[in-house]
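Notes to accompany the following structure.
The values are calculated or read from the model by the stated rules, or taken from the named source; none is laboratory data. Worth saying up front: this structure is predicted, and the values here are computed from it rather than measured. When we count neighbours, we look across all protein chains shown, and the Cβ atoms used for this are built from the backbone with ideal geometry, even at glycine. Surface accessibility is based on the protein's heavy atoms, side chains included, excluding ligands, DNA and RNA. Shrake-Rupley method; radii C 1.70, N 1.55, O 1.52, S 1.80 Å.
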Amino acid sequence: MAANRLLIIDDEPAIAALVAKVAKTCGYEATIAGSGEEFQARHRDWTPTHVIMDLQMPGLDGVELIRFLAGEKSRAQVMVMSGFDARVLESARRLGTERGLTMAGTLAKPIRVADLQKMLDGLKIPDQVIDEAALRAAIAGGQLSLLYQPKVRLDNFAVSRFEALVRWQHPQRGMVSPDEFISLAERVGLIDDLTREVARLAFAQIAAWRGQGHEIEVAINISGKNLSAVDFADGLARQCEQQGVQPGWVTLELTETAAGANAADVIDILTRLRLKGFQLSIDDFGTGFSSLVQLHRLPFSEIKIDREFVRGCTTSEEDRVIVRTIVDMAHNLGLTVVAEGAEDRPTVEFLAQHRCDLCQGFFFSRPLAADKAVSWTDGMAERVAAGKALEGRAAV
Ligand code: C2E
Ligand code: MG
Ligand code: MG
């Protein structure tokens, strides 16, 4: 993901396209939303660092968009533009500031390209801020946080398991996705610190939920590199004990490639993790070259079908065959099967019909903040009771 991501909303396509063009010449990645709904969706899944909005829109107007951004606790730098007089722009700017947004500037329409260029150049975030020193500071300084995505049972739509996904709340860049820093952590030797911090946050959340009466189990992702530390299992078990969490409430997700590195040391650590009571899950299954039989020799309890195959379920016969085969074979080997990346109802129905145990994906929910995860679960129970579990996100 680029360091500077500008989300543009304007109902006049020509103006939006002009802004995007200028932004690209200034070094931004730019995306245009044609409607308020699209704006909200893009803001959630793309986490722009900058937003530029037209105040007058036929659907959601600028004031409503500002309210939405404030509700989302957006850290984007917000610019507003309008053909109204300067006082309207100024009051929108003040409103945003009062609601806690970073209001970065105003532009009167018709826009002058030179003004826009100057503003965008001035607001750019330098690109070199994701490096070893910054990551080290982030881990030590509490800038990492977790989002939780439900794993929904497909036989009764019960939700008691979540996958914890790490995010970096960067002081300048805003929310940074793990794709941008996990491999950095692995490269520079920070992955053990990172995993320890993720485990600490996840265990604290499990304990807090249990304290409130929610018997939720959480999966965390671990890196193959973590398995080169011989004391990994002991360290994690100690963390559990210190935080009042039973290892049985914790699943460790490990990618197929990391797990498949059949080295004696890896088998040793995985076996010890199981003996201590942790559940083990093979993540992104199907992308590597290991066979299930090979992996079955390792002490895994769950397998997650990679989202590439799940995505293809509704369009490709080949992907359907792959998914069905993985489910059947995994069941025969006594493993629980999770499908990840299910984005629409036909996919979920296909998975349920073929007895996939659990399903995780945007159709049910995006990764959520901890408090939202619990209220989402309560809402899900109500939807199940009302026979509306398969109405997906639209019903949330
Ligand atoms: P993963 O473990 O396979 O996690 C699932 C990823 O798929 C998440 O991306 C999630 O947001 C995304 N996803 C879920 N449902 C859907 C869907 O329906 N459609 C699409 N297109 N995507 C969906 P995220 O959070 O960006 O994480 C990416 C990867 O980063 C993870 O893949 C995992 O390998 C790694 N990661 C995340 N958190 C951690 C962590 O704490 N430690 C380590 N070592 N790796 C982590
Ligand atoms: Mg995972
Ligand atoms: Mg995965």
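The distance between label points at residue 329 and residue 155 comes to 2.4 nm (points 7 Å beyond Cα on the Cα→Cβ vector).
The modelled label-to-label distance for the pair residue 136/residue 86, using points 7 Å beyond Cα in the direction of Cβ, is 4.9 nm.
Only helical runs count toward this figure. For the chain, summing -39,500 (n - 2.57) over DSSP H runs of n ≥ 4 and dividing by all residues gives -13500 deg cm²/dmol at 222 nm.
Probing with 1.4 Å while keeping every protein chain in the model, the per residue accessible area of the chain equals 46 Å².
The GluC sites (Glu not before Pro) of the stretch 115-220 that DSSP puts in a loop, and whose beta carbon has at most 14 other beta carbons within 10 Å, are 215.
Within the same chain, aspartates and glutamates fewer than 8 places from residue 118 are excluded, and of the rest, those with a Cα less than 17 Å from its Cα are 29. Using a cut-off of 22 Å between Cα atoms, the listed pairs 151/372; 124/372; 151/388; 276/372; 21/109 include 124/372; 276/372 as exceeding that distance. Distances between placed amide hydrogens fall under 5 Å for residue 57 paired with 62, all partners being 5 or more residues away or on another chain. Ranked from largest, the principal axis spans of the Cα set of the chain equal 70, 48, 42 Å.
Compute the FRET efficiency between residue 238 and residue 297 as 1/(1 + (r/R0)^6), taking r as their Cβ-Cβ distance and R0 = 35 Å, and round to the nearest 0.05.
On the way: r = 28 Å, r/R0 = 0.80.
My answer for the efficiency is 0.80.
Each residue of the stretch 65-72 is assigned a 3J(HN,Hα), and the resulting list reads 5, 4, 4, 4, 4, 5, x, 7 Hz, derived from the Karplus form 6.51 cos²θ - 1.76 cosθ + 1.60 (θ = phi - 60°), x at Gly and Pro.
The phi torsions of the stretch 242-248, fed into the Karplus equation with coefficients 6.51, -1.76 and 1.60 and a -60° offset, translate into couplings of 4, 9, x, 10, 7, x, x Hz, rounded to whole numbers, with Gly and Pro shown as x. Residue-wise HN-Hα couplings along the stretch 3-11, as the Karplus relation 6.51 cos²θ - 1.76 cosθ + 1.60 with θ = phi - 60° gives them from phi, are 5, 10, 10, 9, 9, 10, 10, 7, 7 Hz; Gly and Pro carry x. Measuring only protein heavy atoms, the 1.4 Å probe finds residue 193 accessible over about 60 Å². The amide H of residue 357, built 1.01 Å from its N in the peptide plane, has 337 as neighbours under 5 Å, considering only residues 5 or more places off or on other chains. Is the stretch 5-123 rounded, prolate or oblate when judged by the Cα gyration tensor, a ≥ b ≥ c being the square roots of its eigenvalues, rounded requiring a/c under 1.5 and prolate requiring a/b larger than b/c? It comes out rounded by the Cα gyration axes. Protein-only accessible surface at a 1.4 angstrom probe places the residues 324, 311 in the order 311, 324, largest first.
Against the criterion of solvent-accessible heavy-atom surface with a 1.4 angstrom probe, 228, 177 sort, most first, into 228, 177. Ranked by solvent-accessible area (1.4 Å probe, protein heavy atoms only, all chains present), the residues 257, 102 order from largest to smallest as 257, 102.
Ligands, DNA and RNA left out, the accessible area of the chain computed with a 1.4 Å probe is 50% carbon and sulfur. Modelled this way, with points 7 Å down the Cα-to-C-beta line, the labels at residue 385 and residue 246 are 2.7 nm from one another.
Give the distance, in whole Å, between the Cα centre of the stretch 176-204 and the Cα centre of the stretch 27-71. Distance between centres, Cα-based: 30 Å.
Dividing the Cα convex hull volume of the stretch 133-189 by residue count, how many Å³ per residue is that? Could the numbers behind the result be given before it?
Values: hull volume 5.9 nm³, N = 57.
Residue-normalised Cα hull volume stands at 103 Å³.
Residue 231 to residue 11: FRET efficiency via 1/(1 + (r/R0)^6), r the Cβ-Cβ distance, R0 45 Å, to the nearest 0.05? Computed FRET efficiency for residue 231 and residue 11 comes out at 0.15.
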